[in-house]
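Some notes on the structure that comes next.
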Amino acid sequence: MVPAEPGGGGVMRVDLLTEPVDGLAELLAAVAAFDQVLVTGLLRPHPAQAAGLAELADAVAGSPLADRVAEAAEKAAAGAAGEEHFVALAAARTALLGAAHDALAARAAEAVGRTVGPAPDFSPGEPQAANLSAAARSWLCELGRAGWQGIDHELVSGAAQIVSAMLPDSGLRRLAVLLDGFAAELAASCPGATLEHIPLRRWADLWSRALLLTQPGATGPAPTGSATGRLLPLGVDLQEHATAAQAQVHAVLEPADGSPSRLVRASVAVPKPDTVVGAGVWQLLRPHLSLLAALGEGRSMEITDLPITDEGDLIWNDAQARAGEPADPFATARVALAAAQLPPTAPLDRHPVRIAIPLLLEGYGTEADGDAVAFTLAGMGVPSAEGRVRIAVDTERIPSAGPLTPAAVAASTACIGLLRWDAGEFTVQPLAVETTVRKKTVAVHSGAWAGGTIDKLGAKGEKAATEAVAVLRERAGRLLRK
């Protein structure tokens, strides 16, 4: 919680969020240099690519990867890199971004006054279908040689057969889904030679992650325990694409055994028709996660022996959960959030985009220019006479499937959000705000319609979705009958 002025009793050091992190700029520069190498590929490297490879190798020179990456960079610069060399380069890039994640996550945890739970033993999984992993690795290496400007439909289509063979194997499904989505993005961008804009960081992220997931033991199941206690929802992060949607509920878990409370997540993802948009998305998600209804109604949930991963992700089963007493998310944030431990992050998941720390902000000012909103807060060591610390609000992440809007955020006096890091700075993704309407404090939640709504706009979206899904089901049935 942030006080209006320094010394006001809050526990957040907002000024830490704007101070530079030592070595971060140089680390990201090395990653960017390697990402540029992949634009034209490593079949016939140019001198500039050799320089980018050398920069990556220099960045990990003091690590256990040093010798292998130096050899890989040399081989790749000569156009003679094999699969093991591509894997080493991907590992170096991933290690650098993992280090960036650790530094930024530590800075964020210090800023919000939160501790991270004990790191579990993330042991490798069992090796899976070596032939399919090898096939995927071979395809990814061909991408690395061709580069993003060298992709064509023939090259990209090589992933289809591999993905089809992987999907039935639960141990390979994580890699299969990643390859499927990656190949679809590349296919939509073919031919690469005509691309005006290339998402360098994103495609290099997907390429590196997929390469590492082809390694033996990398795709094993996440270690799990069980959770029993009271679940207090804070808000929901809804991510929507043309053909898929995912809702991730962030909550505080108060274990029944009296152990320290912790932050947890519960997620559900579903395929969706591109005609279902806005509030209609909840219709697809709601049947798979009763927690959404509890969130919409402002209630807690009692869970019993619900599986939970070491990273704090609940593996939801409605049979092991029941609705509890009313629980206002803002009351939860004010009373229980500060004491809740942050979950650790698995080694392969360490990446700055994974940072999403629930927090409560109060006593801030706002700056608004259209949909662009920023919070201004007093931080320790920031004289109020010289101005307050400015934190950008990521209004682009506010879903259309709820009543929360940039205007409501700009008029707010309190905010439950997720602290993220993007494009070189910390930002806040709002999940709910308190604002004043007719001299009364009113809470507006992005997930207010998750359990259903009588709100005119939300009800209209639900009706449209019902009609769209009914038409699609009727058409699907007709095709099956034929």
Subset of segment 313-328 (residues that are buried (at least 17 other Cβ atoms within 10 Å of the Cβ) and assigned to a strand (DSSP E or B)): Asp313, Leu314, Ala321
Residue, modelled with the lowest pLDDT, within segment 213-226, restricted to residues that are surrounded by fewer than 20 Cβ atoms within 10 Å (Cβ to Cβ) and closer than 11 Å to Leu175 by Cβ: Ala218
Selection from segment 140-159 of residues that are in contact (Cβ under 8 Å) with a residue 40 or more places away in the chain and part of a helix (DSSP H, G or I): Leu140, Cys141, Leu143, Gly144, Arg145, Ala146, Trp148, Gln149, Gly150
Given (1) farther than 29 Å from Ser400 by Cβ; (2) touching a Ser or Thr at 6+ places or on another chain (Cβ under 7 Å); (3) crowded, with 19+ Cβ neighbours inside 10 Å, number of the condition Asp310 does not satisfy: (2)
Residue in segment 384-393 that is on the phi < 0 side of the Ramachandran plot, of a type in the set (Ser, Thr, Tyr), surrounded by fewer than 20 Cβ atoms within 10 Å (Cβ to Cβ) and touching a residue at least 24 places away in the same chain (Cβ under 8 Å) present: yes
Asp58 vs. criteria among the acidic types (Asp, Glu), farther than 28 Å from Asp313 by Cα and either at pLDDT below 95 or assigned to a helix (DSSP H, G or I) (or both): yes
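Could you please let me know if Ala90 is in contact (Cβ under 8 Å) with a residue 40 or more places away in the chain, crowded, with 19+ Cβ neighbours inside 10 Å, more than 17 Å from Ala59 (Cβ to Cβ) and out of contact with any strand residue (DSSP E or B) (no Cβ under 6 Å at 6 or more places or on another chain)?
It is false that Ala90 is in contact (Cβ under 8 Å) with a residue 40 or more places away in the chain, crowded, with 19+ Cβ neighbours inside 10 Å, more than 17 Å from Ala59 (Cβ to Cβ) and out of contact with any strand residue (DSSP E or B) (no Cβ under 6 Å at 6 or more places or on another chain).
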One residue from Val87, Val116 being modelled with pLDDT of 95 or more, in the same structural domain as Leu43 (by TED's automatic domain parsing) and touching a helix residue (DSSP H, G or I) at 6+ places or on another chain (Cβ under 8 Å): Val87
Candidates Ala165, Ala176 - the one that is on the phi < 0 side of the Ramachandran plot, surrounded by 17 or more Cβ atoms within 10 Å (Cβ to Cβ) and not in a strand (DSSP E or B): Ala176
Given (1) surrounded by fewer than 20 Cβ atoms within 10 Å (Cβ to Cβ); (2) out of contact with any strand residue (DSSP E or B) (no Cβ under 7 Å at 6 or more places or on another chain), number of the condition Ala204 does not satisfy: (1)
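The values are calculated or read from the model by the stated rules, or taken from the named source; none is laboratory data. This one's a predicted model, so the numbers in the text were calculated from it and none came from an experiment. As a convention, Cβ positions derive from the backbone with ideal geometry for all residues, glycine included, and neighbour counts pool all protein chains shown.
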